[in-house]
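Novice: Please find one structure pasted underneath; my questions will follow.
The values are calculated or read from the model by the stated rules, or taken from the named source; none is laboratory data. Since the structure is predicted, the reported quantities are computational estimates derived from the model, not experimental observations. Note that each Cβ is placed from the backbone with ideal geometry, even for glycine, and that neighbours are counted across all protein chains shown.
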Amino acid sequence: MRADSDRLMSAMRLTLPLIAHVVALAMTSTAFAGDRDRVEEVVVTATRTEQQLRDFAGSISVVSSNDVALVGATHHAEIMNRAPGTMIQRNSGEESLTAIRSPVLTGPGSCGTFLFLENSIPIRPVGFCNVNELFEVNSEQASSIEVLRGPAGVVYGSGAMHGAINVIQAAPAQMPRSSLSLEGGPDEFYRGRLTLSNTGAANDFGGAVVATHDGGWRDHSGLDEQKLNLAMMHRGDDSTLGVQFAGTNLNQETAGFIQGFEAYKDENIAKSNANPEAYRDAYAMRLTADYTRPLGGAQLSIRPFVRHSRMDFLQHFLIGKPLEENGQDSLGVATSLQTVLFADTQLLAGVDLEYADGFLKETQAGPATDGTPLGEVRDVLLEELEVVRRDGLADSELTKAKAQLKARLVFDNESITDIAHQLGYFATIASVDSFLEAPAQIAAVTLEEVSKVARSVLTASNRTVGTFEPLDLKSEV
């Protein structure tokens with residue numbers, strides 16, 4: 001009976017979205033039926049101006065609207081991972097960690113290396129990102145998704161050390177006149193999508209909305225999410241003006257980690273949630289415009305934007321489980337001027353201005369009393385130090401230590417700011433040459449040298465042990 005139930009649920013997972021897409025096609029307007037035989041050109045906006053993919057010199061992949069519709073992703077990782085070199089790690093609910101031809105980076109390390117954009121405008125200001133912010137973009141109804149591999153800072157500014165993901169929303173003229181789709185799946189998954197548009201001689205209007213409810217396959221891990229995109233396009237005699245609005249709201253119950261060797265193989269443990277109190281509530285709004293017109297022999301583009309976002313989430317993965325509240329209000333303008341210098345040479349220049357007011361606040365309800373007691377940590381640490389002092393290291397341990405030090409050198413030099421910090425640090429304690437020669441010096445260390453230093457340094461007389469024990473503020477009052 002269990003096998004039959006699993007097969008039934010798998011069939012439902014495959015069949016229900018298929019039926020929903022068939023219903024959507026049946027309800028979609030046939031306004032574009034005359035274009036069926038037209039071959040669609042793939043263009044990218046990696047340089048802020050449309051061009052054919054084959055003419056772009058960088059490393060980029062484009063996920064088309066056909067791919068978006070075919071996959072019908074329930075999480076942005078499912079569609080973005082179709083781009084080579086991209087690996088979005090799916091976490092609880094709508095959370096994710098990003099890798100673009102790079103290690104999987106978390107926290108602040110991710111914020112300075114991956115840039116997320118919508119219609120070529122960053123969704124957050126410089127220095128105010130959140131590692132999970134990709135859920136703010138309507139990738140479910142995107143016209144295309146561009147993944148730039150490698151540094152993209154020349155075009156988009158700082159924050160794109162490893163690459164950028166640019167989600168392009170459909171213009172009103174690219175939207176169906178009316179489209180509705182309804183989907184359902186296991187674990188109380190329901191989703192509805194609606195698209196409307198109207199085109200005229202000079203003005204086009206369009207909107208897309210998607211609403212999702214997911215009960216979650218683990219205990220207390222459901223979510224409700226809504227995304228809205230509105231667009232207007234005005235065509236003048238020699239200019240165009242586009243205005244876009246994007247809004248997202250997320251209310252998520254977050255599932256904590258499970259522990260134990262191969263614990264995931266036990267269905268009861270795999271579906272459990274040790275942190276039913278964890279949650280993530282967030283919303284974001286963005287208003288952008290794009291004014292384009294010829295200027296002499298060049299093409300001028302001016303893109304003003306206003307952004308607002310708020311996020312609250314319980315950090316169940318930290319001792320003490322503090323609550324983080326963050327947000328930002330920002331505005332700015334991105335400009336570009338493109339001109340043809342020669343038959344096959346173009347010049348693109350621009351100035352970007354941005355103002356941001358952001359905050360991050362962490363509060364903890366009480367002292368951090370969870371985790372391993374300090375006395376046990378101290379005793380284990382001192383015991384290990386004594387073993388190293390007395391017996392030295394095994395060859396495998398030295399190899400592992402060298403690998404960890406080399407990895408730390410790599411991660412500590414991810415950005416220009418990190419490199420500047422490293423140069424200053426080594427210049428203070430030794431010299432800049434020590435920084436440049438560090439990999440070779442690490443490789444040259446021998447077991448005998450480690451044992452000699454351990455015997456002379458790791459002694460009780462050289463040791464200072466201190467512990468920090470937070471007070472119970474309630475008892476003090």
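Novice: Does the range 137-144 contain at least one residue that is part of a strand (DSSP E or B) and either surrounded by fewer than 22 Cβ atoms within 10 Å (Cβ to Cβ) or not basic (Lys, Arg) (or both)?
Specialist: Yes; the residues of the range 137-144 include at least one that is part of a strand (DSSP E or B) and either surrounded by fewer than 22 Cβ atoms within 10 Å (Cβ to Cβ) or not basic (Lys, Arg) (or both).
Novice: With 89, 174 as the choices, which residue is touching a Leu at 6+ places or on another chain (Cβ under 8 Å) and surrounded by fewer than 18 Cβ atoms within 10 Å (Cβ to Cβ)?
Specialist: The unique qualifying residue is 89.
Novice: Is it true that some residue in the range 284-300 is in contact with a His (Cβ under 6 Å, 6 or more places away or on another chain), at pLDDT 95 or above and part of a strand (DSSP E or B)?
Specialist: The answer is yes; a qualifying residue exists.
Novice: Scan the range 196-220 for residues that are in contact with a Ser or Thr (Cβ under 6 Å, 6 or more places away or on another chain) and in contact (Cβ under 8 Å) with a residue 60 or more places away in the chain and jot them down.
Specialist: 208
Novice: What are the residue pairs meeting all of these: first residue in the range 413-427, first residue free of Cβ contacts under 8 Å to residues at least 40 places away in the same chain, second residue of a type in the set (D, E, K, R) and in a loop (DSSP other than H, G, I, E, B), Cβ atoms under 6 Å, and 6 or more apart or on different chains?
Specialist: Close Cβ pairs satisfying both conditions: 418/412; 422/412.
Novice: State all residues of the range 207-221 that are under 22 Å from the mean Cα position of the chain (by Cα) and at pLDDT 95 or above; if no residue qualifies, say none.
Specialist: Hits for the range 207-221 are 209, 210, 211, 212, 213, 214.
One line per residue, one yes/no per condition, for (1) among the hydroxyl-bearing types (Ser, Thr, Tyr); (2) modelled with pLDDT of 95 or more; (3) part of a strand (DSSP E or B):
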| position | (1), (2), (3) |
| --- | --- |
| 98 | yes, no, yes |
| 124 | no, no, no |
| 129 | no, no, no |
| 146 | no, no, yes |
| 151 | no, no, no |
| 155 | no, no, no |
| 193 | no, yes, yes |
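Novice: So residue 161 ticks every box in (1) closer than 30 Å to residue 104 by Cα; (2) in contact with a Ser or Thr (Cβ under 8 Å, 6 or more places away or on another chain); (3) assigned to a strand (DSSP E or B) but one. Which box is left unticked?
Specialist: Condition not satisfied by residue 161: (3).
Novice: Across the range 95-115, which residue is nearest to the chain's Cα centre (by Cα) among those that are more than 21 Å from residue 360 (Cα to Cα) and buried (at least 21 other Cβ atoms within 10 Å of the Cβ)?
Specialist: 98
Novice: Give me the residue from the range 153-163 that is surrounded by fewer than 23 Cβ atoms within 10 Å (Cβ to Cβ) and in contact (Cβ under 8 Å) with a residue 60 or more places away in the chain and, out of that set, nearest to residue 327 (Cα to Cα).
Specialist: 157
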